[in-house]
Amino acid sequence: IRGIGLSQSTKRPTIPNHQGTVNPASVCRSYFQEGWLQTPVFEMEHLGANAQIMGPAIIIQDTSTIIIEPFCEALITKFGDIKIQIHLP
């Protein structure tokens, strides 16, 4: 017996665009190669598509914590992914 099935391609839901300024939920001191730096903390559920966050920063959600190093930039994609670009000093 041979069976052949066809599945539909997965459609990824998009998230709403970010409106206005990206404001941190809090600020903490974090240690990086440059020393202790004031580091804004953002809650992922409050970030929308195209939100840009310059490092240093921390992005938190229920299941993960993402550190954005100094000289890096995070961009939230339309699917809610976080794309990190590294800018060398």
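The values are calculated or read from the model by the stated rules, or taken from the named source; none is laboratory data. Quick caveat: nothing in here was measured; it's all calculated off a predicted structure. We place every Cβ from the backbone using ideal geometry, glycine too, and count neighbours over all the protein chains shown. To get the accessible areas, we keep the full protein, side chains included, count just its heavy atoms, and leave off ligands, DNA and RNA. Shrake-Rupley method; radii C 1.70, N 1.55, O 1.52, S 1.80 Å.
Where the accessible area of region 12-89 is counted over protein heavy atoms with a 1.4 Å probe, how much of it, in %, is carbon and sulfur? It is 53 percent, rounded to a whole number. Rolling a 1.4 angstrom probe over the protein heavy atoms with all chains in place gives the chain an accessible area of 76 Å² per residue.
State, as an integer percentage, the relative contact order of the chain based on alpha-carbon contacts under 8 Å between residues 6 or more apart. Before the final figure, lay out each step's value.
On the way: 159 pairs, mean separation 20.6, N = 89.
Value for the chain: 23 percent.
Principal semi-axes of the equivalent ellipsoid, √(5λ) from the alpha carbon gyration tensor of region 39-89, are 17, 13, 8 Å from largest down.
Given the alternatives (1) 1.06; (2) 1.44; (3) 1.11, Cα Rg over 2.2 N^0.38 Å as computed for this entry is given by (2). The residues neighbouring Pro89, those whose beta-carbon lies less than 14 Å from its own, together hold a net charge of -3 under the Lys/Arg +1, Asp/Glu -1 convention.
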